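Below is one structure, written out as C-alpha cells, with a few remarks after it.
The values are calculated or read from the model by the stated rules, or taken from the named source; none is laboratory data. Fair warning: this is a prediction, and the values are worked out from it, not measured in the lab. With ideal geometry, Cβ positions are generated from the backbone for all residues, glycine too; neighbour counts draw on all protein chains shown. The accessibility values were calculated without ligands, DNA or RNA, using every heavy atom of the protein model including side chains. Shrake-Rupley method; radii C 1.70, N 1.55, O 1.52, S 1.80 Å.
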Amino acid sequence: SESSLAKGELVSVTMPQGAPAPTVGSLFRYEIMDAIRESWPPQASAVKIDEIKSAAGPLIISFDTAEDILMHLGENTHFIDVRTAEEYISGHVSGAKNIDVAVIRSEIATAVPEKSDVVILYCRSGNRSNQAARMLQDMGYSVLLDAGGIISFKGDVVQGQDPGPLPGQP
C-alpha cells in the first residue's frame, strides 16, 4: 500500500542490504522508495543515504516530533524538563522528568545510564535546554534532541511533582 508523508513526520527506515548502520548521533539524509508501508510509524526502504554531519549534536525538534519519538521509542527515550523544581511543579509536559540544568551533570547518569539512548530536553524558552544539551554532549551522550521551550507547547500541562504518563500511555 502507498501513502505519503507530511513534512517532518516520523518514519522507520530500512537500510539497503550491505549498507553500514548510521553512527548514533550523526545526521543523515535518506532518499526512500515511493512505496511507504502503512504502520505506525510508517515504514520505508532507503535507496540512497548521505551523511550530512558526523556526530551532529543536539537537534532542534518540535513538541509534536518529541511526542512521536516518545511513542515510537518509549523505553530507550528520556524526556527531561531542565527548569527549576518550582517551575516544573507549576506546570510541565506530561511524561517529562525534572532535572534542573544546574544539577544535570551530577544527576543525568542515574536518570539516563546509557549514553546512546535518546534524550529529549526542554525548558521555558529553549535557552537552558540548549545549554543542557551541550553539557550532555560534552559528557558523551550522543542522541540529544532539544524541544525548545514550554512556551511553544500547545497541549495541556501537568501540575505537581508527578511526571504523568508519556505520550501514547494511559
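Would you check if there is a residue in the range 109-127 being surrounded by 15 or more Cβ atoms within 10 Å (Cβ to Cβ), among the polar types (S, T, N, Q), touching a strand residue (DSSP E or B) at 6+ places or on another chain (Cβ under 6 Å) and outside any helix (DSSP H, G or I)? So that I can check it myself, show each step before the final result.
Within the range 109-127, the subset surrounded by 15 or more Cβ atoms within 10 Å (Cβ to Cβ) is 112, 115, 117-124, 126.
Remaining after also requiring among the polar types (S, T, N, Q): none.
No, that holds for no residue.
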Exercise. Out of (1) closer than 29 Å to Pro42 by Cα; (2) touching a Pro at 6+ places or on another chain (Cβ under 9 Å); (3) not aromatic (Phe, Trp, Tyr), the odd one out for Asp64 is which?
Worked result: (2)
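Looking at the range 14-87, what strands (runs of 3 or more DSSP E) fall wholly within it and have at least 2 residues that are under 26 Å from Ala102 (Cβ atoms) and at pLDDT 80 or above?
On the way: elements: 27-32, 43-53, 77-81.
In the range 14-87, the matching strands (runs of 3 or more DSSP E) lie at 77-81.
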Exercise. Hey, any hits in the range 101-108 for a residue that's hydroxyl-bearing (Ser, Thr, Tyr), farther than 14 Å from Gly148 by Cβ and open to solvent by less than 60 Å² (accessible area, probe 1.4 Å)?
Worked result: no
Exercise. If Gly140 satisfies every condition in (1) at pLDDT below 95; (2) assigned to a helix (DSSP H, G or I) but one, which is the exception?
Worked result: (2)
